[in-house]
Amino acid sequence: MKNFSFMRVSLWVYLAIFFAYLLGPLVIMSATAFNSPSFPRMTPWECLTFEWFSALFQDERILNGIWNSVLVGAGTIVLSVSMGLAGALMLTQIWPKLRATYYTIIIAPILIPGVVIGISTLVFWDRINRMLGLGADSWLSNGLFLTIIGQSTFIASYCMLVLVARLQRYDIALTEAALDLGATHAQAFRKVLLPFMRPAIASAAVLAFLASFENYNTTTFTFGEYPTLTIELAQKVRYGITPAISALAFIIVVLTVIAALFNEAGIRRRELVAAARKQATVEELESGKLRLPGFLSSNVAAVGLVIVACATVAVVGTATVYSPAQCIANVQEQKQLEAQERIQELRRQRDLRRQQQQEQQGETPAQTAPSGSNNSGFGGVFAPGSLSGDEEDGAEAEQEPQGNSSGFGNVFDPGALSNDGEESGSDN
């Protein structure tokens, strides 16, 4: 029993760490969208503000990137889902011995790096453009066309996997029965197979759009004059980011949560209706008086959807009437006071260091004063003041020669050639 409790606690701890690791950065980045500093940060918290959402909607480059991403995503959905459905149908009808080889070829683009796909797409279609004799501004060199083609190359493989998983549960006898009843192959596909594949097609479309919306590696070589949102964000990060990007991340997270809750609420609603119909009597079904459960009854996802929607409306309403100007002014004033205090503290420290240096310089001469005698063998030749005039005069006064005992007389006397020297010589 203790081991079972320990396992349950360990499982909950693991789930908490896992979701904190997975969702923690999104929560923190979303919170930075409501903090007033110009650089995205959560601490220290300064002022609650909604100005970064306004800055986001006034950024022409971001809005243009979102629009280009939507265009590219729509084209990628059409092309990728079509190729994925064709590949899935081919996989179920091909000769069984070739299925493994065909499956490997179809899945191969997923394993190729996006950079390689982007470069190869650009080079290939540029060569096709030259072979057809078209100019540099033709539709084959258009960044929108190249981006859709490049992304569809590998996104179609993801769509095929989703569609194959649904197609494996399809009973081929339904198509055969439709053909036996006189339907053509096109009618059997449109009225029998396609309705069965509709949920998988919707899932593949959502997957293709999301994969296209967040793609960067392939798009960076093919976008041309149509930079997508990821390209614009990468360029903004290179030159410095603002919390407007956090505001965009918050909007994307909220829209994703609302879409997920709406889908889950719809699924839960259909399950409750099916259970109610199964438990109803024949009289209730025939009379149409079957009481169906409400949208919020026993539907946790629907309750969560309502809570998120109410919170969103409350945030939008608060943003229209709330002004953080006074709070921001107070924070700036506080920052100025703190800056002045730091400057004064630095000045005090500088003055203290200068005073200490002066004290050390004042003590050093008294401790290391040179003595009057010189015991070295070179006398005072290397003394610092040996070349000054005062030192020379003192030396001459102290060491004036009394006589010359050399054998050359006064020949090498510095004043021997001067007039004084001549006059003294003549007098002698």
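The values are calculated or read from the model by the stated rules, or taken from the named source; none is laboratory data. Worth saying up front: this structure is predicted, and the values here are computed from it rather than measured. We place every Cβ from the backbone using ideal geometry, glycine too, and count neighbours over all the protein chains shown. Each accessible area value is taken on the protein alone, full model and side chains, heavy atoms only, with ligands, DNA and RNA left out. Shrake-Rupley method; radii C 1.70, N 1.55, O 1.52, S 1.80 Å.
A few remarks follow.
- Criterion violated by residue 47 - all others in (1) open to solvent by 60 Å² or more (accessible area, probe 1.4 Å); (2) more than 14 Å from residue 249 (Cα to Cα); (3) not small (Gly, Ala, Ser) satisfied: (1)
- Qualifying residue in the range 362-372 (condition: over 30 Å from residue 37 (Cβ atoms), open to solvent by 100 Å² or more (accessible area, probe 1.4 Å), assigned to a helix (DSSP H, G or I) and modelled with pLDDT under 85): yes
- A single member of 69, 38, 30 is assigned to a loop (DSSP other than H, G, I, E, B), open to solvent by less than 90 Å² (accessible area, probe 1.4 Å) and in contact (Cβ under 8 Å) with a residue 40 or more places away in the chain, and it is 38.
- Top-ranked residue of the range 1-23 - restricted to ones that are at pLDDT 90 or above and open to solvent by less than 80 Å² (accessible area, probe 1.4 Å), ranked as nearest to the chain's Cα centre (by Cα): 20
- Helices (runs of 4 or more DSSP H) wholly inside the range 180-289 containing at least 3 residues that are surrounded by fewer than 13 Cβ atoms within 10 Å (Cβ to Cβ): 194-213, 229-239, 243-279, 282-287
- Matching option when the condition is in a loop (DSSP other than H, G, I, E, B) and open to solvent by less than 90 Å² (accessible area, probe 1.4 Å), among 135, 150: 135
- Subset of the range 93-132 [loosely packed, with under 11 Cβ neighbours inside 10 Å and modelled with pLDDT under 85]: 93, 95, 96, 97
- Close Cβ contacts (under 9 Å, 6 or more residues apart or on different chains) running from residues in the range 221-236 that are of a type in the set (Gly, Ala, Ser) to residues that are crowded, with 21+ Cβ neighbours inside 10 Å comprise 224/146; 224/147.
- Residue in the range 80-88 that is hydroxyl-bearing (Ser, Thr, Tyr), touching a residue at least 40 places away in the same chain (Cβ under 8 Å) and open to solvent by less than 60 Å² (accessible area, probe 1.4 Å) present: yes
- Out of 46, 51, sole residue that is touching a helix residue (DSSP H, G or I) at 6+ places or on another chain (Cβ under 6 Å) and either hydroxyl-bearing (Ser, Thr, Tyr) or closer than 20 Å to residue 318 by Cα (or both): 46
- Considering only residues in the range 50-62 that are touching a residue at least 12 places away in the same chain (Cβ under 8 Å) and either open to solvent by 70 Å² or more (accessible area, probe 1.4 Å) or assigned to a helix (DSSP H, G or I) (or both), the one that is nearest to residue 328 (Cα to Cα) turns out to be 51.
- Residue match in the range 211-226 (condition: farther than 25 Å from residue 99 by Cβ and of a type in the set (Asp, Glu)): yes
- Of everything listed in (1) more than 21 Å from the chain's Cα centre (by Cα); (2) aromatic (Phe, Trp, Tyr); (3) in a helix (DSSP H, G or I), the single unmet condition for residue 45 is (3).
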